[in-house]
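Comments concern the structure below.
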Amino acid sequence: MSWEFTVPPKIAFGEDSIEVLETFQGKSAFIITDGMVNSLGYPDRVAKILSDNRWNIAIWDCAEPDPKVSNVRDAAEAMRAFEADTIIAIGGGSVMDTAKAAWVLYERPDIDLAALNPFEELGLRKKARLICIPTTAGTGSEVTKAVVIRDDETGRKMATINTDMVPDLAILEPSFTKDLPKSLTAYTGMDALTHAVEAFVSTWKNDFSDACTLKAVQMVFEWLPKAVENPDDLEARGKMLVAANLAGMSFSNSQVALGHSLGHSMGAVLRLQHGLAVGMALPYTIEFNTNDSDEAVKNYAELARVIGVTLKNPKRAAKKFAEMVRELMDQVGSPTSFKAAKVKKKDFKANLDKLVDFSMQDAAITMNPRNFESSALRKIYEYMYDGTPIDF
Ligand SMILES: NC(=O)c1ccc[n+]([C@@H]2O[C@H](COP(=O)([O-])OP(=O)(O)OC[C@H]3O[C@@H](n4cnc5c(N)ncnc54)[C@H](O)[C@@H]3O)[C@@H](O)[C@H]2O)c1
Ligand SMILES: [Fe+2]
């Protein structure tokens, strides 16, 4: 079977890497960001470099967290009015996904975002190219072919991939993440870890994505506690940007699994932050897969070795890996149960059917190494409420 490993043509990283923009050709840059990131001045830093090089610039700061289709349409309209030849996303995954999806609508107004799929040739880049500058170290969206958009009516998160949406340039500028609060640093870091781990057990895994995962997992365990402990540690910030980026390249080319099916629903239904949600799900899905998939056991055991576990028995090593993920989460303050995330029991119960229903519709379940019925998902969610490790 043939395979393609797709990444952006260029990734600039390190202090002052935004200066790479001086060499980028274009005339009119449409900067997409959100109100918070705009207030921190990062878009202005980028605009200054471009205006010194005679670009026209517009800054659109209306991206919403977990963007809805309507929000994306607004962005595309503003892009069209400005006649952008370059789109620059400066923000977290929400901003970058808004930019990717708006870019699709800008170039292809005929496309229905809800029907976006991996198989259609989009033919982008006739009007504009896309540059992504992440301000969180988590989603890796700056290098992925993925986009996650919410349906306006149901609120369901729709995740899909298309190779054409891989950005043209990713810039990893550590100083753009230094104002991220400790909680969001932890949650987004857990998103990166979840991408890396799920890509390594996905049924689409391959040697290229495995290589990215192994380094990313080792880096998250080493550097996330440091970035949370000392937000001004630019070395730790830079390492987490690289870890998230490697994890992004990994999952973009081998997909995520059950943890993201659960996490997407938790984000849509209970409005939990994406990294908090998928991170919370991660140890439970490791335990669940370990209980009935030899392939998953082998892969988790290999990940355990990367972070120093010396147990010879693969199943014990895989279980130890789940424990170490929980320990990391406790260390950085990422909740390991709904209860710890302060979700009220009555809200949880009232929404359990919807959580299960949305998870069963999520594309990521297809690549999970263990097959299951919806009743198993319900049980996993119930265990997750109190923080009980999975024993089935
Ligand atoms: N396309 C992909 O490959 C991909 C992968 C994973 C997740 N996602 C999606 O990305 C979204 C989550 O993105 P995220 O976790 O980066 O969070 P986010 O973009 O939603 O941002 C979270 C909050 O952090 C703030 N923020 C961002 N950068 C900051 C900074 N440097 N300092 C202070 N505050 C800052 C934002 O204003 C926002 O309020 C979800 O919708 C998720 O589904 C996409
Ligand atoms: Fe994610």
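The values are calculated or read from the model by the stated rules, or taken from the named source; none is laboratory data. Predicted model only: the values in this text are computed from it and were never measured. Virtual Cβ from ideal backbone geometry, glycine too; neighbours counted across all protein chains shown.
Things to note:
- Residues satisfying the stated conditions in the stretch 349-365, i.e. over 18 Å from the mean Cα position of the chain (by Cα) and under 14 Å from Ala159 (Cα atoms): Phe358, Met360, Gln361
- Condition check for Pro134: over 22 Å from the mean Cα position of the chain (by Cα) and modelled with pLDDT of 95 or more: no
- Selection from the stretch 157-171 of residues that are out of contact with any His (no Cβ under 8 Å at 6 or more places or on another chain), farther than 22 Å from Ala216 by Cα and within 16 Å of ligand 2 (Cβ to nearest atom): Met158, Thr160, Met165
- Only listed residue being modelled with pLDDT of 95 or more, in contact with a Lys or Arg (Cβ under 6 Å, 6 or more places away or on another chain), within 16 Å of ligand 2 (Cβ to nearest atom) and under 19 Å from Ala170 (Cβ atoms), chosen from Ser209, Ser252: Ser252
- Any hit, the stretch 240-251, residues being in a loop (DSSP other than H, G, I, E, B) and hydroxyl-bearing (Ser, Thr, Tyr): no
- Complete set of residues in the stretch 173-192 that are away from ligand 2 (no atom under 14 Å from the Cβ) and either among the acidic types (Asp, Glu) or not in a helix (DSSP H, G or I) (or both): Glu173, Lys178, Asp179, Leu180, Pro181
- Failed item in (1) under 13 Å from the mean Cα position of the chain (by Cα); (2) buried (at least 24 other Cβ atoms within 10 Å of the Cβ); (3) over 24 Å from Lys10 (Cβ atoms), with Thr160 passing the rest: (2)
- Residue within the stretch 201-220 that is among the hydroxyl-bearing types (Ser, Thr, Tyr), closer than 15 Å to Ser141 by Cβ and touching a helix residue (DSSP H, G or I) at 6+ places or on another chain (Cβ under 6 Å) present: no
- Beta carbons closer than 9 Å, at least 6 apart along the sequence or on distinct chains, pair a first residue in the stretch 133-154 that is farther than 24 Å from Glu4 by Cβ with a second that is in a strand (DSSP E or B) and within 12 Å of ligand 2 (Cβ to nearest atom) for Arg150/Lys157; Asp151/Lys157.
- Residue in the stretch 165-174 that is within 12 Å of ligand 1 (Cβ to nearest atom), closer than 30 Å to Val356 by Cβ and surrounded by fewer than 19 Cβ atoms within 10 Å (Cβ to Cβ) present: no
- Criterion violated by Val256 - all others in (1) over 14 Å from the mean Cα position of the chain (by Cα); (2) buried (at least 24 other Cβ atoms within 10 Å of the Cβ); (3) not in a helix (DSSP H, G or I) satisfied: (1)
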